[in-house]
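The values are calculated or read from the model by the stated rules, or taken from the named source; none is laboratory data. Note that the structure is predicted; figures quoted are calculated from it, not measured. Methodologically, a virtual Cβ is constructed for each residue, glycine included, from the backbone with ideal geometry; neighbour enumeration extends over all protein chains shown. Surface accessibility is based on the protein's heavy atoms, side chains included, excluding ligands, DNA and RNA. Shrake-Rupley method; radii C 1.70, N 1.55, O 1.52, S 1.80 Å.
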Amino acid sequence: MGLALLDWAVIVGYLLLSIGIGVFVVKHNSKNITDFFVAGRNLPWWLLGTSIAATWFATDAPLAVTALVRSKGIYGNWLWWYLGTGIMMMVFFYAKYWRRSEILTDAEMIELRYSGRSASILRGFTAAFFGIFKNCISLGWIMLAMLKFSNIMLGWSAEFALGITLAFALLHTLSSGIKGVVILDMLHFSAGTISTIILAILVLVQIGGPTELAEQIAARSDAPAGVMDMLPDLSHIGPTEMIAFVCLIGILWLGQAQGDGYIVQRLFSAKNEKHAIKASLWFAVAGVVILTWPWIVVGLGSVVILPISEASEALLADPELAYPMMINEVLPVGLRGLLVAAFMAAFMSTVDTHLCWGGSYMVNDIYKRFIRPDGNDRHYLLVSRISIVLLLALSSVAAWQMDSIAGAWIYIIEIVSGIAIILMLRWFWWRINAWSEIASMLSALILANGFLWIKWIHRWGWVNDSVLEMVNGWYHEDVALIRATVLLVLCTAISILVTFMTKPVDNATLLHFYTKVRPKGWWGPIAKQVPDLVDRSSSKGSWLGFLIGVVFLNSILFSVGHAVLGRYGSAFILMLVGAICGWLTLKFVASTQTQEADANS
């Protein structure tokens, strides 16, 4: 079933509306790269939090979530949900520090915190690693999802559809910068969320409601064991998978705790520290709870409407195709066009964000810092736009090298996990230096790609087949999360060792950083020099807020889950717990002490 004329009318109308908003934003021309990349630091929390969540709603997410449900069950979405704990830590510990630092990128923070040649090397390496390598992988899997979506939903060739949407995204980013991106994100998030909720409701209606959905899934012998488990059950999965789950929710969430990339770019754009904190909290709720359950419902419905035992060869080979197939199966004419338009817009919105984020690294932390530090504002704006075009080309190459969205997610988790602890410690321990971070990054890259080194060594005849087979077993995707946890421990240990083997950062740099950011933690030698600036408030409120926030987020998450499966009693109790914890979380957010750093410190 293809798109009807009315669907195409809705799609064209929506895209024209997006273009119209973009044209309006273009009138507010950026004067410099601060305007272009962080909107003059004057955006409200609700717009920023929505923008971050909208970036999560790219074409890749619903497809990957549906595939996880069909192959593993609901609990497979912990590959996404685990981030909620890290985001809550960012709310209470890091959001205010990011905004207080008054920088353009998180890579720039390196030379605010460290000094010397090692700091400049680290800044350039970080910008290249996150802004180019990681960013292009992220954009690559987003493009891969758009190709899959287009193959099912559009009559054009997938490549042509991808080219058209990329062209729109590129033109919008080049013309309006971050302000245009976040304003359009608001539209795309609203349209995307409403249309995916409508699809989920229609799936439930077609099947007969939540209770009937649960009963029909339970009656299907071809559904994965424990498909309706929200937490993994050892009777349905093996011990290796359970250990991997424990690693994910117990340790690996630390990789998201301080935030990075486009998330902190939004925090840099906030009006003040309070807006940065509130933006992080709203992102947690919107991204983890509001967005994911409509996708999961469609995934569960696909088990009934597109049974696994009767699936086509294409669907069996690639379960990520189930989501666009469900759109064709369930949505009527008109609504189908709205959801396709929302997906295309979400794709463009996410591309906008990644291009703007990656461009900020390339200009601020590579070109301006190392190549031409004496250029004028007009010159840097031109280079910003050129770098954005270059990033798009590199990301397109990355997309052709991928075949699995979820696989790319796991690879990023593995690499980032190695540097998680050190990136957190740099805020709270004065002794961490640039070599600490360099050691963690290099060791993470080397260990995460160990299977490549062994293959090369094997080709040279330095190791035998049995060693190669053993190493390949360790790098199998089934143990990826366990491997990421081991990598986190090893990289942290290496970094701490390097910290004590190298000299500390010079006193002047540490004093400037401490005076500007005023972090808590182990800053004794530095804090003694400015006793009047020491934050003597207790951290108890931040820790309580974090813990209660985690309970709040997961209570709401599970409440919705029980409701869509017809377990209304459990849903009500969890919703009540969530409401109480949510009220307390807001209280702790309101009581969080903030202070605008003196820009001239």
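Taking the stretch 563-581, which residues are modelled with pLDDT of 95 or more and surrounded by 20 or more Cβ atoms within 10 Å (Cβ to Cβ)?
Of everything in the stretch 563-581, those that are modelled with pLDDT of 95 or more and surrounded by 20 or more Cβ atoms within 10 Å (Cβ to Cβ) turn out to be LEU574, GLY578, CYS581.
Please specify each residue of the stretch 121-142 satisfying the condition of being surrounded by 24 or more Cβ atoms within 10 Å (Cβ to Cβ) and small (Gly, Ala, Ser).
Matches in the stretch 121-142: ALA127, GLY131, SER138.
Give me the pairs: first residue in the stretch 121-132 and without any contact (Cβ under 8 Å) to a residue 60 or more places away in the chain and β-branched (Val, Ile, Thr), second residue assigned to a helix (DSSP H, G or I) and open to solvent by 40 Å² or more (accessible area, probe 1.4 Å), beta-carbon distance under 6 Å, and six or more apart or on different chains, which are they?
Once the first residue is without any contact (Cβ under 8 Å) to a residue 60 or more places away in the chain and β-branched (Val, Ile, Thr) and sits in the stretch 121-132, no partner that is assigned to a helix (DSSP H, G or I) and open to solvent by 40 Å² or more (accessible area, probe 1.4 Å) comes close enough.
Could you tell me how many of the residues in the stretch 354-390 are open to solvent by 80 Å² or more (accessible area, probe 1.4 Å), under 19 Å from GLY124 (Cβ atoms) and not in a helix (DSSP H, G or I)?
Adding up the residues that qualify gives 3.
Test ALA439 against the stated conditions and say whether it is open to solvent by less than 30 Å² (accessible area, probe 1.4 Å) and modelled with pLDDT of 90 or more. So that I can check it myself, show each step before the final result.
Working: open to solvent by less than 30 Å² (accessible area, probe 1.4 Å): yes; modelled with pLDDT of 90 or more: yes.
Considered against the rule, which asks whether it is open to solvent by less than 30 Å² (accessible area, probe 1.4 Å) and modelled with pLDDT of 90 or more, ALA439 comes out as yes.
Within the stretch 303-325, identify whether any single residue is at pLDDT 85 or above, surrounded by fewer than 21 Cβ atoms within 10 Å (Cβ to Cβ), farther than 24 Å from GLU215 by Cα and of a type outside the set (S, T, N, Q), and answer yes or no.
The answer is no; no qualifying residue exists.
For residues in the stretch 530-549 being at pLDDT 90 or above and open to solvent by 40 Å² or more (accessible area, probe 1.4 Å), which is farthest from VAL517 (Cα to Cα)? First the steps, then the outcome.
Pass one, the stretch 530-549, residues at pLDDT 90 or above: 530, 542-549.
Those still in the list that are open to solvent by 40 Å² or more (accessible area, probe 1.4 Å) too: 543-544, 547.
Details: TRP543: 20, LEU544: 22, LEU547: 24 Å.
Checked the stretch 530-549; the qualifying residue farthest from VAL517 (Cα to Cα) is LEU547.
Which members of the stretch 61-75 meet the condition of being open to solvent by 10 Å² or more (accessible area, probe 1.4 Å) and closer than 21 Å to TRP253 by Cβ?
Scanning the stretch 61-75 gives LEU68, LYS72, TYR75.
Got a number for residues in the stretch 502-534 being part of a loop (DSSP other than H, G, I, E, B) and touching a residue at least 60 places away in the same chain (Cβ under 8 Å)? So that I can check it myself, show each step before the final result.
As a first pass, look at the stretch 502-534 and keep what is part of a loop (DSSP other than H, G, I, E, B): 502-506, 518-521, 523, 528-530, 534.
This time we only want the ones that are touching a residue at least 60 places away in the same chain (Cβ under 8 Å), so: 502-506, 518-521, 523.
Adding up the residues that qualify gives 10.
Residue check: is VAL285 at pLDDT 90 or above, part of a helix (DSSP H, G or I), among the β-branched types (Val, Ile, Thr) and under 17 Å from the mean Cα position of the chain (by Cα)?
Here the answer is yes, as VAL285 does meet what is asked.
Among the residues of the stretch 326-335 satisfying the criterion of being part of a loop (DSSP other than H, G, I, E, B) and either in contact with a strand residue (DSSP E or B) (Cβ under 9 Å, 6 or more places away or on another chain) or among the hydrophobic types (A, V, I, L, M, F, W, C) (or both), which is most open to solvent (accessible area, probe 1.4 Å)?
Within the stretch 326-335, the subset part of a loop (DSSP other than H, G, I, E, B) is 331-334.
From what's left, either in contact with a strand residue (DSSP E or B) (Cβ under 9 Å, 6 or more places away or on another chain) or among the hydrophobic types (A, V, I, L, M, F, W, C) (or both): 331, 333.
Values: LEU331: 6, VAL333: 74 Å².
Here the answer is VAL333.
Would you point out which residue out of LEU291, LEU338, LEU281 is surrounded by 23 or more Cβ atoms within 10 Å (Cβ to Cβ) and closer than 20 Å to LEU202 by Cβ?
Numbers: LEU338 fails: surrounded by 23 or more Cβ atoms within 10 Å (Cβ to Cβ); LEU281 fails: closer than 20 Å to LEU202 by Cβ.
Checking each option against the conditions leaves just LEU291.
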